[in-house]
Structure formats: structure tokens, C-alpha cells
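Asker: First the structure, which I've put down as C-alpha cells, then a few questions once you've had a look.
Laboratory data are not the source of any read-out in this text; all were calculated from the coordinates shown. Keep in mind that this is a model prediction, so the values were computed, not measured. Positions of Cβ are backbone-derived with ideal geometry, glycine not excepted, and every protein chain shown enters the neighbour counts.
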Amino acid sequence: MSAENKDFSKEALDNAKEGTENVTDSMSAKAGELANDAKEALGSAKEKASELAEEAGEKISEFSDAAKDKATHLAEDAKETYNEAKDKAKEFADDASEKISELTDTAKAKASEFADDAKETYTEAKEKASEFADAAEDKLEDLAEDAKETYTEAKKKTKGFFQKLFGKN
């Protein structure tokens, strides 16, 4: 083989090496970008899930506080009603013993109704809180599944990309 042919062969080999290195570097950069994109998507999904969980917790807390306030007001109303009935009974005690008994019975019935209302409000608040928790759990599961699908899709695309690039199955 002549020196000219050797130089040409060496130059062709060097060019081929350089081209391969450029392609390899380019593919590595693309793979890095895809991996970063997948990480960012997963991070976003985690962040969104955390936000939704926090919002659900706040809603449950707000609803619970509102239920407590309503129960407190109902109890105060019941106490006021009972006290008013008791005061009236004292005022009219001289007039009629029977009227006192009726007013006392009425006051007790009202207090019982208010207590039942408070109990019903508490039960409704508890059910609503449970519904909010279930909804938050469902959203978290959906977000986790979406994040998993996004990751799997990115992984498949990256694998397919490398398979096409290097001709492997």
C-alpha cells in the first residue's frame, strides 16, 4: 500500500472516529435532556399531588371548624332558650302551677331538638370531611398514575431512541 493510500485511509479513519464521537456526544446530550424532562415531569406531578393534599386538608379543617362553630352556636341557643323558659316559669309561678309545667316541658323539648340538630350537623360535617378525604385520595392516586405513565412513556421513548440510534432491538 502506498504512503498516499495510507494517509488517505488514516484520514478517513480519523474522520469516521470524529463523526462517531460527535454523534455519541449529541445522543448523550439528548438522552440527558430526556432524562431531565422526565425528572421535571415527575417533580411537577409530586408537587401538584402535595398541593392537592394540602388543599384537601385545609378544606377539611375549615369544614370541621365551621361544624364546631355551628354546634357551639346551637348549644348556646339551646341554653338561652332554656334559660328564657325557666325565667318565664318563675314569673308565672304564682299564677298557675300547670302553666309552669307546660313551659318547662316546652323548654326541654326545644333543648332536645337543638341537641339533635347539633348531633345531625356534626354527623353531616363528619361525612363531608370523609368525602373530601376520599376525593383527595382519588386525586392523589390519579396524579401518581399520571406521573407513572409519564415516566414510563419517557423511558420507552428514550429506549426507542437509543435502539434506533444504535440499531439494537
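Asker: Please report, in debye to the nearest 20, how large the charge dipole of the chain is about its Cα centre when each Lys and Arg carries +1 at its beta carbon and each Asp and Glu carries -1 there.
Answerer: Taking the Cα centre of the chain as origin, the dipole is about 1320 debye.
Asker: Now for a separate question. Can you put Lys119, Lys164 in order, fewest other beta carbons within 10 Å first?
Answerer: Lys164, Lys119
Asker: Here's something else I'd like to know. Could you give the Stokes-Einstein D for region 3-166 in µm² per second, using the C-alpha Kirkwood radius, 25 °C, 0.890 mPa s?
Answerer: Roughly 106 µm²/s, to the nearest whole number.
Asker: A follow-up question, please. Which pairs in the list Lys48/Lys148; Lys86/Lys126; Lys10/Lys164 are over 24 Å apart, alpha-carbon to alpha-carbon?
Answerer: Cα-Cα > 24 Å for Lys86/Lys126; Lys10/Lys164; rest within.
Asker: Just want to confirm a number: the relative contact order over the chain, from Cα pairs under 8 angstrom separated by 6+ residues, in percent.
Answerer: 35 percent
Asker: Angle, helix 97-166 long axis vs. longest principal axis of the chain, Cα atoms, 0 to 90°, nearest 10?
Answerer: 0 degrees
Asker: What percentage of all Cα-Cα pairs in region 62-133 are separated by more than 22 Å?
Answerer: When all Cα pairs of region 62-133 are counted, 39 percent exceed 22 Å.
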